[in-house]
Each structure stands twice: as structure tokens, then as C-alpha cells.
Amino acid sequence: MDNSYIEIRSVTKALGGNTVLDNVSLVLPRGSVTGLRGHNGSGKTMLLRAIAGLITLDSGEITIEGKRLGRDISFPPSMGLIVENSGVWGYMTGLDCLCMIAEINKIISKTEVREAIKRVGLNPDDKRKFRKYSLGMKRRLMIAQAIMEKPDLLLLDEPTNALDPGGVDLAHDILAAEKARGATIVLASHVDDKVMSLCDKVCSMANGRLEEARE
């Protein structure tokens, strides 16, 4: 039985005369965890953006359950996303920010939003505005917004950035639970921290090219 969920075929993208994705092909099986490792500028974030439908490809295609991204569908139908410089409204509390985001799809209530915030070790009743959060708190809230709707697909760029060791352990446990739930996860990181141990496959990226994969 074919378990492929997302198929990336010969994807190429150039920005400002620089090739940021260079003939990238990859299959993401449903329920798998795939790691993308590489230095800043290697193409990891751009590949996540491509899978998320946030950029237009120069050539190649990405299909999700057989539907072509950018033609049949604009975005993955069930996705949680963290990309570089992710953030929300600095003048709002964390709870208010995530409730605002939850209004887009209207598939969860305030109760589920609160549960997601608690799950990442934050207090949903914290009255501080997002701009007053520490970097680690901001990253935790971004993880909460990615997981709160229990999406089929999680695309996470440097999910443990700015987290202390306890935060990294918590992120690992959360992502392990998401994997057990059946989510398909793509993790991009330039470091080999604890969450990368969850990967079924780790691919290296450099200069926009996908290099060797380690199972």
C-alpha cells in the first residue's frame, strides 16, 4: 500500500539571482518525521516555505495526497507551521493571539487554545503582552500555535531555538506525542539536538540541494 503523503518532485526556486532550491525531490510518508539539517542559508527554510505553499516554484511540483500545490490547492489543508521570524501581535496576550488565529479555521474553541498553551509550559492567564515575552517564551507560544489544532502536517523551522534544556526536553516530548498521534512532521535545524532523535530520516541540505539521507 502506498503510504506517500507529500511528494516533492524536482523543485527549483531562485530569488534575486540565487538558486535557493536546486532540483529537490523528497517523499514524506504519512506519519513520518523527517529532519532537514544544514547551515543557515542552506535551503531548509525555503523548502518548508515551499511545502507550506508560501512561495511559487520556478519548476517542479509538490503534491499533497495527489493534489498539486498551487494548482489544485493553495496550501496544505491541515498544517501547523513555524518558520523563521515567526511571531504574532506584540500588543496582545499570548492567549488572545492564539484565539485570534483559531478564528481563521474555527475548528477549536478557547478551551483547546488554553490547553495548548499549558502544554508548552506557559500560563494562558498571563497578562503580559507578547512583546514582553522572553525569546524562549515566544518560541513556546509558536509551538503551541502550531499544534493547537492537531494538524496532519507540522512544518517546524528551528523549533527549539532560544529554548533552555528543559524547554528542549518539553519540545521533544510534545513532538513525540504528535508523532504517536500520526502527524507528519518536518523538522529543520542546524543543530543536532534532542528533537532530531525523533526523525525517521535526516536529510542534509547545502546550497539549495538535498544531499544524503540518514535513516
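The values are calculated or read from the model by the stated rules, or taken from the named source; none is laboratory data. All of these numbers come straight from a predicted model, not from anything done at the bench. No Cβ is skipped: glycine too gets one built from the backbone with ideal geometry, and neighbour counts run over all protein chains shown.
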Q) How many residues, within the stretch 56-70, are closer than 25 Å to K106 by Cα and assigned to a loop (DSSP other than H, G, I, E, B)? A) 2
Q) Is there a residue being of a type in the set (F, W, Y) and closer than 30 Å to G60 by Cβ anywhere in the stretch 121-132? A) no
Q) Out of the stretch 88-110, which residues are under 20 Å from S78 (Cα atoms) and of a type in the set (S, T, N, Q)? A) N105, S109
**Q.** Hits in the stretch 52-77 (condition: under 13 Å from E7 (Cβ atoms), hydrophobic (A, V, I, L, M, F, W, C) and surrounded by fewer than 17 Cβ atoms within 10 Å (Cβ to Cβ))
**A.** none
Q) So which residues in the stretch 176-201 are in contact (Cβ under 8 Å) with a residue 12 or more places away in the chain and in a helix (DSSP H, G or I)? A) A176, E178, K179, R181, K194, V195, M196, S197, L198
Q: Taking L28 as the residue in question, decide whether it is over 19 Å from R139 (Cα atoms) and touching a Phe, Trp or Tyr at 6+ places or on another chain (Cβ under 8 Å).
A: yes
Q.
When the residues of the stretch 108-133 are narrowed to those that are assigned to a loop (DSSP other than H, G, I, E, B) and without any contact (Cβ under 8 Å) to a residue 24 or more places away in the chain, which ends up nearest to G80 (Cα to Cα)?
A. S109
Q: Please enumerate the residues belonging to the stretch 62-101 that are under 30 Å from P124 (Cα atoms), among the hydrophobic types (A, V, I, L, M, F, W, C) and more than 13 Å from the chain's Cα centre (by Cα).
A: F75, V88, W89, M92, L95, C97, L98, C99, M100, I101
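Please enumerate the residues belonging to the stretch 31-44 that are among the hydroxyl-bearing types (S, T, Y) and either surrounded by fewer than 16 Cβ atoms within 10 Å (Cβ to Cβ) or within 7 Å of M205 (Cβ to Cβ) (or both). It would help to see each step written out before you state the result.
Applying the first criterion (among the hydroxyl-bearing types (S, T, Y)) to the stretch 31-44 yields 32, 34, 42.
If the condition is that a residue be among the hydroxyl-bearing types (S, T, Y) and either surrounded by fewer than 16 Cβ atoms within 10 Å (Cβ to Cβ) or within 7 Å of M205 (Cβ to Cβ) (or both), then S42 is the only one that fits.
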Q.
Tally up the residues in the stretch 3-30 that are surrounded by fewer than 19 Cβ atoms within 10 Å (Cβ to Cβ) and either more than 15 Å from L154 (Cβ to Cβ) or within 14 Å of the chain's Cα centre (by Cα) (or both), please.
A. 16
Q: With the checklist (1) out of contact with any helix residue (DSSP H, G or I) (no Cβ under 9 Å at 6 or more places or on another chain); (2) surrounded by fewer than 17 Cβ atoms within 10 Å (Cβ to Cβ); (3) not hydrophobic (A, V, I, L, M, F, W, C) in hand, flag the one item H190 doesn't pass.
A: (1)
(Q) Suppose the filter is polar (S, T, N, Q), more than 30 Å from S42 (Cα to Cα) and buried (at least 18 other Cβ atoms within 10 Å of the Cβ); does T93 pass it? (A) yes
Q. Of all residues in the stretch 97-107, which are surrounded by fewer than 15 Cβ atoms within 10 Å (Cβ to Cβ) and without any contact (Cβ under 8 Å) to a residue 40 or more places away in the chain?
A. M100, E103, I104, K106
Q: Please go through the stretch 156-175 and pick out each residue that is of a type in the set (A, V, I, L, M, F, W, C) and either part of a loop (DSSP other than H, G, I, E, B) or assigned by TED's automatic domain parsing to the domain that holds H190 (or both).
A: L156, A162, L163
Q. When you go through G41, G35, G31, G53 one by one, which is the residue that is in the same structural domain as M196 (by TED's automatic domain parsing), in a loop (DSSP other than H, G, I, E, B) and within 23 Å of A176 (Cβ to Cβ)?
A. G31
